[in-house]
Amino acid sequence: MRKKPNPGVDPALKARFAVSRDGQPLSYNRLPAEDLLPWVGWLYATSVAAPDDYELNCSLLSDASFVRVQLEGQWKAQTRDGPMEYGRAALMFGPQSKAMPVSVRGSFTSVGYALRPGVGHAVLGRHAAEFVDRITPLEDLSLDGDKLLETLHAAASPEDLLLSLEGWVRETLKSLDARPPDPVTQEFDMLTLSDPTRNVTQFAKECGISTRSLERICKRDFGLPPKQVLRRARAIDMASALRGVADDEEAEDLALRYYDQSHMTREFTELFGMTPSQFMTTPQPLMTLSLESRQSRRLAMLERLPDGAEKPWAAGSSEGSDL
């Protein structure tokens, strides 16, 4: 019989919105409105209560750029440019090439959305490679972060937060006369969700482009070469299963994406800084929140999670307003 994940849970943290079957804090998250789908991959609102003097040390590994609005908590992160500290702030987190150390003191509330790969180039004329492993204030991107903070502060529930966030995104895209990302980028984005074991040369051929062109597009829109993007996607899916925020029915299939146990351990450790067994038993609330949000998007985009359906790993959710 296959052994189920038994992820460590930090008892000091109390979820305000939702919890997993194992008692881990989850976010309130969903797909964006249909008109935003070309640019926005997913939206989330997270709120967790903790003692004022409690410091949570964790990490993040996201395959997408995220606009994250930190409404509560004192945050620190170890970025490509060195350590960063911030409180209430509207920030753009670039995709991570490996786990980024992040910590937060006290209770925390974070609201944000994942950018579809290629949005930086299509909308702002910026390449994703500029932002890998970096955190950038929205003002540095000529975006009105103060207005976004003000807009979200007035929201009363998780869904209100996401609706307010969508309104700001819609207004921003209109002001920038945004165009959708490259179709090849959109196809490769779906590949990372559906089958990250695919041969990149074959994928490029099916798209009618050369492997070199695919390399250029991926570095521009994902920030990394295509093989590295797929390797990261495999590891993130595996990590989700280990943390208990993936569909149990495909856990064995996720493991079979690797040649053998040593292959999985080597690649996993390179990206997460610990072995799979250590990862499974160590409390990692921030990482788990990020993985669960990404796994929700993956199942929704693959049409395996109908709109409004309960997620396989959820213990039920609520739309609290304790912000």
Subject >> The lone exception for G125 - which of (1) on the phi > 0 side of the Ramachandran plot; (2) modelled with pLDDT of 95 or more; (3) more than 21 Å from the chain's Cα centre (by Cα) it fails >> reply: (2)
Original post:
Since T172 meets every condition but one in (1) out of contact with any strand residue (DSSP E or B) (no Cβ under 9 Å at 6 or more places or on another chain); (2) among the polar types (S, T, N, Q); (3) not in a helix (DSSP H, G or I), which condition does it not meet?
Top reply: (3)
Subject >> Which listed residue, of S277, S318, S262, S296, is on the phi < 0 side of the Ramachandran plot and modelled with pLDDT under 85 >> reply: S318
Subject >> Answer residue from the stretch 216-272, given it is assigned to a loop (DSSP other than H, G, I, E, B) and of a type in the set (S, T, Y) and is farthest from S194 (Cα to Cα) among those >> reply: Y259
**OP:** Restrict the check to the stretch 238-249 and report whether at least one residue is over 19 Å from the mean Cα position of the chain (by Cα) and within 21 Å of D22 (Cα to Cα).
**Re:** yes
**OP:** Go through (1) within 21 Å of the chain's Cα centre (by Cα); (2) in a loop (DSSP other than H, G, I, E, B) and name the single condition E187 misses.
**Re:** (2)
Subject >> Which numbered condition D146 misses (of (1) in a strand (DSSP E or B); (2) over 21 Å from R179 (Cα atoms); (3) not β-branched (V, I, T)) >> reply: (1)
Original post:
Does F93 qualify as being closer than 24 Å to D182 by Cα and within 20 Å of the chain's Cα centre (by Cα)?
Top reply: yes
Original post:
With respect to the numbered conditions (1) assigned to a helix (DSSP H, G or I); (2) in contact with a helix residue (DSSP H, G or I) (Cβ under 8 Å, 6 or more places away or on another chain); (3) closer than 17 Å to R294 by Cβ, which one is the sole condition not fulfilled by L162?
Top reply: (2)
**OP:** Go through the stretch 233-249 and give me each residue that's surrounded by fewer than 16 Cβ atoms within 10 Å (Cβ to Cβ) and either hydrophobic (A, V, I, L, M, F, W, C) or under 23 Å from V200 (Cβ atoms) (or both).
**Re:** none
Original post:
What number of residues within the stretch 185-210 are among the hydroxyl-bearing types (S, T, Y) and exposed (fewer than 15 other Cβ atoms within 10 Å of the Cβ)?
Top reply: 4
Original post:
Do you know which residues across the stretch 128-151 are touching a helix residue (DSSP H, G or I) at 6+ places or on another chain (Cβ under 6 Å) and surrounded by 17 or more Cβ atoms within 10 Å (Cβ to Cβ)?
Top reply: A128, L138, G145, L148, T151
**OP:** Could you name every one of the strands (runs of 3 or more DSSP E) located completely within the stretch 44-127 that has at least 3 residues being buried (at least 18 other Cβ atoms within 10 Å of the Cβ) and in contact (Cβ under 8 Å) with a residue 12 or more places away in the chain?
**Re:** 55-60, 66-79, 89-93, 100-115
Original post:
Mind checking whether some residue in the stretch 254-272 is farther than 30 Å from S103 by Cα, in contact (Cβ under 8 Å) with a residue 24 or more places away in the chain and not β-branched (V, I, T)?
Top reply: yes
Subject >> Selection from the stretch 273-297 of residues that are of a type in the set (S, T, N, Q) and either in contact (Cβ under 8 Å) with a residue 60 or more places away in the chain or part of a helix (DSSP H, G or I) (or both) >> reply: S277, Q278, T281, T282, Q284, T288, S290, S293, Q295, S296
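The values are calculated or read from the model by the stated rules, or taken from the named source; none is laboratory data. Given the structure is predicted, the values throughout are model-derived calculations rather than measurements. FYI the Cβ positions are ideal-geometry reconstructions off the backbone, even for glycines, and counts take in every protein chain you see.
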